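S.K.: After the structure tokens below, expect a handful of questions from me.
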Amino acid sequence: MSTAPPANAAQDTPVRAPDTRVSVLIADDEELTRTGLRVLLASKPDLDVIGEATDGAEVLPLAVRLRPDVVLMDVRMPRLDGIEATRRLRSELADPPKIVVITTFENDEYVYDALQAGASGFVLKRAPSQQIAQAIRLVATSDSVLFPEAVRRLASGRPVRRDAARKLAALTQRETHVLRWMAKGLTNQEISVELTVSLETVKTHVGNVLAKLGAQNRTQAVILAYETGLVGTGATGL
């Protein structure tokens, strides 16, 4: 199953300010894959590969020493997989890097578990180079869900977590609307236009949604919305 990139991920252009560079740590046990990713990212003027991990066990100490903005994390590694490496980054660092899982199969159970552990999104290893680069840029902004349709497919048919209804009930009507727009992959600016409110107001609503749902990032919040049926799993996503 292939992932069709959203419009904002199709163009190989920075989504951050032109003078802002994104530092990247690559974690993959295959040397050929690491080399290919390093060469790919080195060709992008706004992306800097600052280190490589050959196993998940190396990720945390390298992240502590190098402080990358984003970790491009292989989900399957022999000694310590990307899921546990993600958990360690999220639990042991006060300001952990964003994590993009890079995987062969998007419907892999490992991918879902990595998102639940705190990864912000995922991208396929066979994806075009510009799509991988743009995924890193998009996650670095923390302003949108990466490939929302793929997240929808992953979440479809999952069992509802026991405390999900209670968490959703804590949302105000406006926060529920914001969560629905988040599920469509809209940025904060786009949500502010849809709801005719200020950007700062949207940022406050998003922060409240994450706090009330106990979500580490937008992706986790959207997964919960799909799992509970708050957001439909049809073609429209609403």
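The values are calculated or read from the model by the stated rules, or taken from the named source; none is laboratory data. Here the structure is a predicted model, which means the values were calculated and not measured. Positions of Cβ are backbone-derived with ideal geometry, glycine not excepted, and every protein chain shown enters the neighbour counts. Just the protein is used for accessible areas: all its heavy atoms, side chains included, with ligands, DNA and RNA removed. Shrake-Rupley method; radii C 1.70, N 1.55, O 1.52, S 1.80 Å.
S.K.: Taking segment 132-151 as the search range and keeping residues that are open to solvent by 30 Å² or more (accessible area, probe 1.4 Å) and either small (Gly, Ala, Ser) or touching a helix residue (DSSP H, G or I) at 6+ places or on another chain (Cβ under 7 Å) (or both), which one is nearest to residue 122 (Cα to Cα)?
M.R.: The qualifying residue nearest to residue 122 (Cα to Cα) is 142.
S.K.: Please enumerate the residues belonging to segment 88-115 that are of a type outside the set (Ser, Thr, Tyr), within 25 Å of residue 67 (Cβ to Cβ) and not in a loop (DSSP other than H, G, I, E, B).
M.R.: Residues of segment 88-115 of a type outside the set (Ser, Thr, Tyr): 88-90, 92-102, 105-109, 111, 113-115.
Checking which are within 25 Å of residue 67 (Cβ to Cβ) leaves us with 88-90, 92-102, 114-115.
Those that are of a type outside the set (Ser, Thr, Tyr), within 25 Å of residue 67 (Cβ to Cβ) and not in a loop (DSSP other than H, G, I, E, B): 88, 89, 90, 92, 98, 99, 100, 101, 102, 114, 115.
S.K.: For segment 38-82, give me each residue that is in a helix (DSSP H, G or I), open to solvent by less than 20 Å² (accessible area, probe 1.4 Å) and of a type in the set (Gly, Ala, Ser). Explain how you work it out, then say what you get.
M.R.: Filtering segment 38-82 down to residues in a helix (DSSP H, G or I) leaves 38-42, 56-66, 82.
If we keep only those that are open to solvent by less than 20 Å² (accessible area, probe 1.4 Å) as well, we get 41, 56, 59, 63, 82.
Once the filter is applied, which keeps residues that are in a helix (DSSP H, G or I), open to solvent by less than 20 Å² (accessible area, probe 1.4 Å) and of a type in the set (Gly, Ala, Ser), segment 38-82 yields 56, 63, 82.
S.K.: Under 7 Å between Cβ atoms, at least 6 apart or on separate chains: pull out the pairs that start in segment 107-122 with a residue that is without any contact (Cβ under 8 Å) to a residue 60 or more places away in the chain and more than 10 Å from residue 151 (Cβ to Cβ) and end on any residue that is among the β-branched types (Val, Ile, Thr) and part of a helix (DSSP H, G or I).
M.R.: 110/83; 113/83; 114/83; 114/86; 117/83; 117/86
S.K.: Still on this model: Check segment 138-155 and report whether any residue there is under 23 Å from residue 55 (Cβ atoms) and within 13 Å of the chain's Cα centre (by Cα).
M.R.: yes
S.K.: Test residue 60 against the stated conditions and say whether it is among the hydrophobic types (A, V, I, L, M, F, W, C) and modelled with pLDDT of 95 or more.
M.R.: Judged against the criteria, residue 60 is a match.
Rundown of residues vs (1) part of a helix (DSSP H, G or I); (2) in contact (Cβ under 8 Å) with a residue 12 or more places away in the chain, yes/no style:
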| site | (1), (2) |
| --- | --- |
| 136 | yes, yes |
| 146 | no, yes |
| 167 | yes, yes |
| 177 | yes, yes |
| 180 | yes, yes |
| 192 | yes, no |
| 201 | yes, no |
| 206 | yes, yes |
| 224 | yes, yes |
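S.K.: Now a separate question. Among the numbered criteria (1) modelled with pLDDT of 90 or more; (2) under 24 Å from residue 20 (Cα atoms), which single criterion is violated by residue 142?
M.R.: Condition (1) is where residue 142 drops out.
S.K.: Further, regarding this structure: Of a type outside the set (S, T, N, Q) and open to solvent by 60 Å² or more (accessible area, probe 1.4 Å), is that true of residue 218?
M.R.: Taking the combined requirement at face value, the residue does not satisfy it.
S.K.: Something else now. Hey, any hits in segment 155-163 for a residue that's touching a Gly at 6+ places or on another chain (Cβ under 6 Å) and either in contact (Cβ under 8 Å) with a residue 24 or more places away in the chain or part of a helix (DSSP H, G or I) (or both)?
M.R.: Within segment 155-163, not a single residue is touching a Gly at 6+ places or on another chain (Cβ under 6 Å) and either in contact (Cβ under 8 Å) with a residue 24 or more places away in the chain or part of a helix (DSSP H, G or I) (or both).
S.K.: Check off (1) at pLDDT 90 or above; (2) open to solvent by 10 Å² or more (accessible area, probe 1.4 Å); (3) in contact with a helix residue (DSSP H, G or I) (Cβ under 7 Å, 6 or more places away or on another chain) for residue 160 and give me the number that stays unchecked.
M.R.: The failed condition is (1).
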